[in-house]
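Single-structure report; data block below.
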Amino acid sequence: MDLLKYVQDSYVKENEIPNFSSGDTITVTYEIKEGVKTRTQSFKGVVLQRRGSGTTETFTIRKMSGAVGVERIFPINLPSIKSIELNKRGLVRRARIFYLRELTGKKARIKEDKRKPKA
């Protein structure tokens, strides 16, 4: 067995996450430490990509804050992530939807996938 994989599996706490992919709208609730205090904050946006595998997997979320686009990259196994909630499934045909960055207004909408999710 690979020694690095063994150490990662024994020390990394895996979070319970729903099955989501690019184009889906999700809400990530995570904890922020500010000195001694901790507070929870949520980040709701569209998943642009999922990248990597295993314990090093990450995903990128984009939301519009006013007229400015904000992107955030989260590791899947980040200990400060409290929950990931799937708000709606998006119907896209690509794994990485970076073309969404240049679109504005109605063009930036993603069609909702109304099919039942696979079990």
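FYI, it's all coordinate maths here, none of it is from the lab. Keep in mind that what you see is a predicted model, and the values were worked out from it rather than measured. Positions of Cβ are backbone-derived with ideal geometry, glycine not excepted, and every protein chain shown enters the neighbour counts.
Some points to look at:
- Karplus-derived HN-Hα couplings along the stretch 7-13 (A = 6.51, B = -1.76, C = 1.60, θ = phi - 60°), whole Hz, x at Gly and Pro: 5, 4, 5, 7, 9, 8, 8
- Assuming charge only on the beta carbon of Lys and Arg (+1) and of Asp and Glu (-1), the dipole of the chain about its Cα centre is about 780 debye to the nearest 20.
- GNM flexibility winner over the chain from 89, 39, 62 (Cα, springs under 10 Å): 39
- With R₀ set to 41 Å, the beta-carbon distance separating residue 53 from residue 106 gives a calculated FRET efficiency near 0.70.
- Among 36, 47, 70, residue whose mean-square fluctuation peaks in a GNM of the chain (springs only between Cα atoms under 10 Å): 36
- Net lengthening on full extension, residue 38/residue 98 (0.36 nm per residue, minus Cα-Cα): 18.3 nm
- Candidates 105, 36, 79 compared by Cα position along the dipole of the stretch 3-108: farthest toward the positive end lies 105, with charges placed on Cβ.
- Extension gain, residue 5 to residue 68: 0.36 nm times the residue separation minus the Cα-Cα distance gives 18.7 nm.
- Dimensionless Rg/Rh of the stretch 3-108 - Kirkwood Rh, Rg from C-alpha atoms: 1.01
- Candidate cross-link partners of residue 114 among the lysines, defined by an alpha-carbon separation under 29 Å and a same-chain spacing of 8 or more, comprise 44, 63, 82, 88, 106.
- For the chain, modelled as a GNM whose springs connect Cα atoms under 10 angstrom apart, the maximal fluctuation among 54, 69, 35 occurs at 35.
- Spread of Cα-to-Cα distances over 5 Å intervals beginning at zero, given as percent, for the stretch 20-70: 5, 17, 20, 21, 18, 13, 5, 0
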